[in-house]
Amino acid sequence: MSKVVLITGASSGIGESIAVYLQAKKYKVYGTSRNPEKVKKLPYEMIALDVLSTATIEKAISKIIEKEGRIDVLINNAGKGIMGAMEDIPLEEIKVGFATNFFGPIEVMKNVLPIMRKQKAGLIINVTSIAGYSGLPFRSIYSSSKGALEILTESVSMEVKKFGVNVVSVAPGSFATNIASGRYYTPVFEDSAYKDAYSKNLKVSDEYVDKGLKPIIMAKSIHKIIETKNPKIHYKVSVFMEKFSIVLKRILPDRVYEKLIMNHYKL
């Protein structure tokens, strides 16, 4: 019997690539977006789900259960990029960032876990970010929201293990997707104390996206995790230097590591 997979944020980018790949591997894939009627035709079924709306989450999951009777894999992929100096980012945008990257995935998990517990089996994959392993300049909200999801994954993994459910995180590095177009950019305020440094970093961040890995690499990694009997808790899918930066953070004195990061971002 084909595994039923629910993927949030599957209308483009990494989510779309994962969904297309798993569908080709004969999984029964349900992708979601806020407005599926506006999405191009895709080879898997798209349903409406907004991670900021509990009602849409409940409705989407009920629809899948009505049709399939089960959900074997949840991939919490929907997320929102946000850039800016912490002091300059409007509080409302900070709240939206955390609601999308942290509270939204929690709400989806809350609605899927009772189903998986009843099945006595299931896998939840939380898509986080390499940026969640380290505080990065002008990415404070994105890094901290994704870092929070990493730690949440560890806690929930222990809570649900006895029910036959595995919870893991997958942290992608830079990927060549359209993420930059959906990212919230704090305006470069003329009177901001961070104007010059932030302006430089805006250019650098988009260059990283353009030179990033192909999304199919992430899709293959996700497929491998699903097929693993006893998956690890944390996975990282990125180029060597991004992974190595996490190792350096563990072994170097804090201020030495901070200096390396500041030099990298020309601060």
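The table that follows gives values for the structure above.
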quantity	calculated
Per-region count, the stretch 140-182, residues crowded, with 16+ Cβ neighbours inside 10 Å, modelled with pLDDT under 95, more than 13 Å from ILE130 (Cα to Cα) and not aliphatic (A, V, I, L, M)	1
Qualifying position, being farther than 30 Å from LYS3 by Cα, without any contact (Cβ under 8 Å) to a residue 60 or more places away in the chain and in a helix (DSSP H, G or I), among LYS224, LYS203, LYS249	LYS203
Meets criteria (within 22 Å of ASP50 (Cβ to Cβ) and under 15 Å from the mean Cα position of the chain (by Cα)) for ILE151	no
Residue, most open to solvent (accessible area, probe 1.4 Å), within the stretch 96-113, restricted to residues that are of a type in the set (A, V, I, L, M, F, W, C) and touching a residue at least 60 places away in the same chain (Cβ under 8 Å)	VAL96
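Condition check ((1) modelled with pLDDT under 90; (2) more than 22 Å from SER11 (Cα to Cα); (3) out of contact with any Pro (no Cβ under 8 Å at 6 or more places or on another chain); (4) open to solvent by 30 Å² or more (accessible area, probe 1.4 Å)) across all residues:
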{"position": "LEU202", "(1), (2), (3), (4)": "yes, yes, yes, yes"}
{"position": "ILE216", "(1), (2), (3), (4)": "no, no, yes, yes"}
{"position": "PRO231", "(1), (2), (3), (4)": "no, yes, yes, no"}
{"position": "MET262", "(1), (2), (3), (4)": "no, yes, no, yes"}
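Residues checked against (1) surrounded by fewer than 16 Cβ atoms within 10 Å (Cβ to Cβ); (2) under 30 Å from PRO90 (Cβ atoms); (3) at pLDDT below 95:
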residue: VAL188; (1), (2), (3): yes, yes, yes
residue: SER199; (1), (2), (3): yes, yes, yes
residue: PHE240; (1), (2), (3): yes, no, yes
residue: LYS249; (1), (2), (3): no, yes, no
residue: ARG255; (1), (2), (3): yes, no, no
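Table: residues versus (1) of a type in the set (Val, Ile, Thr); (2) more than 26 Å from ARG117 (Cα to Cα); (3) modelled with pLDDT of 95 or more.
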site: ALA48; (1), (2), (3): no, no, yes
site: THR54; (1), (2), (3): yes, no, yes
site: ILE57; (1), (2), (3): yes, no, yes
site: SER62; (1), (2), (3): no, no, yes
site: GLY69; (1), (2), (3): no, no, yes
site: VAL73; (1), (2), (3): yes, no, yes
site: ASN77; (1), (2), (3): no, no, yes
site: LYS80; (1), (2), (3): no, yes, no
site: ASP88; (1), (2), (3): no, yes, yes
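The values are calculated or read from the model by the stated rules, or taken from the named source; none is laboratory data. In this text the structure is predicted, and so the values were computed from the model without any measurement. All Cβ positions, glycine included, derive from the backbone under ideal geometry; neighbour counts span all protein chains shown. Please note that ligands, DNA and RNA were not included when accessible areas were found on the heavy atoms of the full protein model with its side chains. Shrake-Rupley method; radii C 1.70, N 1.55, O 1.52, S 1.80 Å.
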